[in-house]
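Chemist: Mind having a look at this structure? Questions to follow.
The values are calculated or read from the model by the stated rules, or taken from the named source; none is laboratory data. These numbers were taken from a predicted model, which means no experiment stands behind them. For neighbour counting, all protein chains shown are included, and Cβ atoms are generated from backbone atoms with ideal geometry for every residue, glycine included. The protein model used for the area step is the full one, side chains on, heavy atoms only, and it has no ligands, DNA or RNA in it. Shrake-Rupley method; radii C 1.70, N 1.55, O 1.52, S 1.80 Å.
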Number of protein chains: 2
Amino acid sequence: MVQLGRRYGTGPSSLAEIALDEDLPRAYLEQLVTSLRDAGLVVSTRGAHGGYELGAPPSEIRMSDVLRALEGPIAPMICATDDPAHLLGCDRSARCTVNVLWVRVRDAISGTLDSMTLADLVPARNITLDPRDPTASPAGVA
Amino acid sequence: MVQLGRRYGTGPSSLAEIALDEDLPRAYLEQLVTSLRDAGLVVSTRGAHGGYELGAPPSEIRMSDVLRALEGPIAPMICATDDPAHLLGCDRSARCTVNVLWVRVRDAISGTLDSMTLADLVPARNITLDPRDPTASPAGVA
DNA sequence: GGAATTCCGACCGAATTCGTCGGGATTGAG
DNA sequence: CTCAATCCCGACGAATTCGGTCGGAATTCC
């Protein structure tokens with residue numbers, strides 16, 4: 001996702017490209033990106049010169065959504081899951097007093113994840129040190 | 001731990017007792033409690049009529065310490081571990097920009113865990129619904 | 001038509017988790 | 001002293017998950 005963030009706006013990038021940059025097996029990336037596509041976070045273009053690109057600007061992609069797409073509902077324990085559909089009460093739920101702890105932990109996690117977007121993780125392409133310098137350009141100026 | 005919390009101040013409790021209340025295999029509890037003892041959270045008394053009891057009042061036992069004793073350092077990812085000793089830099093650490101996210105998540109988790117003590121999880125023994133009702137009784141009244 | 005690419009589903013080895021087992025060491029009670 | 005209750009220890013085991021592989025079918029551009 002960070003790689004796709006860097007390339008945002010430059011058309012689809014092939015998995016081969018990303019695999020190279022990130023030094024990960026292409027086949028594995030394929031698996032990951034499939035989940036991201038199903039979640040609508042990336043869009044795919046098939047055929048030659050196809051590839052993947054972000055479905056929205058990096059600043060609008062919450063990391064909580066990325067993580068949910070890749071790893072399922074946010075849940076430190078089965079009894080404290082994000083997704084009500086997967087809320088599977090353990091047999092102990094009656095006596096168990098620990099649930100409140102896990103719920104707080106979960107909220108802490110999703111809170112921080114909600115507060116970060118992909119833009120927070122994509123390395124800036126150019127850094128304007130002097131605020132009076134208007135030549136600080138929107139990326140990709142060759 | 002919650003069970004030991006309930007029994008706090010009443011002398012050592014045997015694993016058999018707790019196993020019964022909690023409906024968990026004694027042999028398994030044994031394994032867990034060993035870690036807790038090594039961490040100093042519970043103290044053991046050997047021999048007949050021995051058992052385990054908390055090493056401090058419930059309100060002074062932070063849940064972060066309990067979790068660390070049972071599950072090791074708090075770390076959503078290997079590259080964002082609590083315990084500097086286990087900080088094992090992944091080979092990607094140079095290029096990887098995601099670390100900051102995991103560190104924030106980790107801090108959120110340990111923050112909430114630090115803020116809760118065992119006392120927060122031990123069910124109160126008597127609940128006075130009407131402050132004028134002095135018959136609200138200490139648990140277990142048949 | 002052929003090359004580049006996504007798409008799909010099955011498979012696999014290693015690690016972790018939850019739990020078991022058997023027996024040894026220590027201590028209080030009779 | 002002996003016995004029963006209990007902690008103590010280390011090894012074992014089955015199920016699940018995780019990171020990753022493999023082979024090939026479908027799609028699109030040149």
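Chemist: Run the simple label-point estimate for A:Ala119 and B:Asp114 please: 7 Å along Cα→C-beta, distance reported in nm.
Modeler: That separation, rounded to one decimal, is 3.0 nm.
Chemist: Same structure, new question: Return the calculated 222 nm mean residue ellipticity for chain A, to the nearest 500 deg cm²/dmol, obtained by summing -39500 (n - 2.57) across DSSP H runs with n ≥ 4 and dividing by the residue count.
Modeler: Only helices count here, giving -10500 deg cm²/dmol.
Chemist: Determine the shape class of region A:1-57: with a ≥ b ≥ c the square roots of the Cα gyration tensor eigenvalues, call it rounded for a/c under 1.5, and otherwise prolate if a/b is greater than b/c, oblate otherwise.
Modeler: Since a/c stays below 1.5, the shape of region A:1-57 is classed as rounded.
Chemist: Under 5 Å between amide H atoms, partner at least 5 residues away or on a different chain: which partners does A:Val42 have, H built in plane at 1.01 Å?
Modeler: Here A:Arg37, A:Gly55 satisfy the definition.
Chemist: Whole-Hz Karplus ³J(HN,Hα) for region A:104-120, in order, using 6.51 cos²θ - 1.76 cosθ + 1.60 and θ = phi - 60°, x for Gly and Pro?
Modeler: 5, 4, 4, 5, 5, 5, 5, x, 5, 5, 5, 7, 10, 10, 4, 4, 5
Chemist: Looking only at other chains, what is the average number of their beta-carbon atoms within 10 angstrom of each beta-carbon in B:114-123? Don't skip to the end; give the middle numbers.
Modeler: Working: counts 0, 2, 4, 0, 0, 0, 5, 6, 1, 2.
Going residue by residue through B:114-123 and averaging, the value is 2.
Chemist: What percentages, rounded to whole numbers, describe P(r) for region B:62-124 computed over all alpha carbon pairs with 5 Å bin width beginning at zero?
Modeler: Taking every Cα pair in region B:62-124, the percentages come to 4, 18, 23, 22, 14, 9, 6, 3, 1, 1, 0.
Chemist: Hey, what did region A:62-124 get for relative contact order, percent, Cα under 8 Å, at least 6 apart?
Modeler: Over region A:62-124, the number comes to 44 percent.
Chemist: If you don't mind, another one. What ³J(HN,Hα) values, in whole Hz, does the Karplus curve 6.51 cos²θ - 1.76 cosθ + 1.60 give for region B:94-101 when θ = phi - 60°, with x put for Gly and Pro?
Modeler: Those phi angles translate into 5, 7, 5, 9, 8, 3, 4, 4 Hz.
Chemist: If you place +1 on the Cβ of every Lys and Arg and -1 on the Cβ of every Asp and Glu, how big does the dipole about the Cα centre of chain B come out, in debye to the nearest 20?
Modeler: Roughly 200 debye for chain B.
Chemist: For region A:52-67, in order, what is each residue's ³J(HN,Hα) by Karplus, 6.51 cos²θ - 1.76 cosθ + 1.60 with θ = phi - 60°, in whole Hz (x at glycine and Pro)?
Modeler: Along region A:52-67, the couplings run 10, 8, 5, x, 7, x, x, 5, 10, 9, 6, 5, 4, 5, 4, 5 Hz.
Chemist: While we're here: Å³ per residue of the Cα convex hull, for chain A? If you can, show how the numbers build up before the last one.
Modeler: Values: hull volume 20.9 nm³, N = 142.
Expressed per residue, the convex hull around the Cα atoms of chain A is 147 Å³.
Chemist: For chain A, with every protein chain kept in place, what is the accessible area per residue (1.4 Å probe, Å²)? Can you show the working numbers first?
Modeler: Working: 8510 Å² over 142 residues.
Using a 1.4 Å probe on heavy atoms only, each residue of chain A averages 60 Å².
Chemist: When all protein chains stay in place, what accessible area (Å², nearest 10, 1.4 Å probe) is found for B:Glu17?
Modeler: Its accessible surface works out to 90 Å², give or take rounding.
Chemist: Put a dot 7 Å past each Cα toward the Cβ at B:Ser14 and A:Asp21; how far apart are the dots in nm?
Modeler: In this crude spin-label approximation the distance works out to 6.5 nm.
Chemist: Amide H neighbours of A:Ile61 under 5 Å, at least 5 residues apart or on other chains, H built in the peptide plane: list them.
Modeler: It is A:Leu118, A:Ala119, by chain and number.
Chemist: For a paramagnetic label modelled at 7 Å from the Cα of A:Ala85 toward its Cβ, which residues of region A:36-69 fall within the zone defined by backbone nitrogen distances under 15 Å?
Modeler: A:36, A:38-40, A:68-69
Chemist: Quick one: with all protein chains in place, what share of the accessible area of region B:1-49 is carbon or sulfur, to the nearest percent (1.4 Å probe)? Don't skip to the answer; put the middle values down first.
Modeler: On the way: 1560 of 3080 Å².
Result for region B:1-49: 51 percent of the exposed heavy-atom area is carbon or sulfur.
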